[in-house]
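Taking it in order: structure first as structure tokens, then the write-up.
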Amino acid sequence: MRLRLPQWLVLLALAAPFTALAGTPKPCVPADQASKMLRKDVCVSAHVYDVVQLPDGTRFLDLCTPQTPDDACRFTIVSLWQDHDEVGELRKYRDMDVEVRGIVEPMHGRAGMVLSHARQFYGGPPKFKPNPRLARGFSADESRPPVNDPNLRSQGAGRAFMNTRDQETRPAK
């Protein structure tokens, strides 16, 4: 007698390794290793020794020990004032180990990460910020498109491939 496995059991056995790989998040790296990973999206694990706020509202998570001089501290996490509502209160992270996801950028001679949303503490992405160069001169109140594309102009101005002066005559039948 021939035993036959149900099809769903076979599919489950084939899919199990792939779902296990897809569900494992990337491990977090220490701050000193993250400073070498410029312009990459990484998770950084660090201990917050202090939260420093500047007069303009910019906040820094101080990840270096109090004995480390400021010049020797190679990594920082910055939260700008305009992101205050999305990030929330940062003083609660003082003297805690945190994991923050974001893009490592060069900042004034050291590497750093911009903390723009609280979900970055839970592995989520930073807040989306549109590129100001692409949105320059565009307002949602206007009826024109946000890009200067000759193919979108009325009357086809600038479309050489559809120019009416370059018409070919059809052969007679």
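Rule-based calculations on the coordinates, nothing more; no lab input. A quick note: this is a predicted structure, and the numbers were derived from the prediction, not measured.
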Item to check | Gain upon complete extension [ASP70, ARG133; 0.36 nm per residue less C-alpha separation] | outcome: 19.3 nm
Next on the checklist: Which three numbers, in whole Å and largest first, are the semi-axes of the equivalent ellipsoid of region 24-114 derived from its Cα gyration tensor as √(5λ)?
Outcome noted: 19, 16, 14
Checklist outcome for this item: A chain fully extended from ASP85 to ASP32 at 0.36 nm per residue, minus the present Cα-Cα distance, gains in nm 16.2 nm
Checklist entry - Considering amide H positions built from the backbone, and no H for Pro or chain starts, which residues 5 or more places from GLY112, or on another chain, come under 5 Å of its amide H? => result THR76, GLU105, MET107
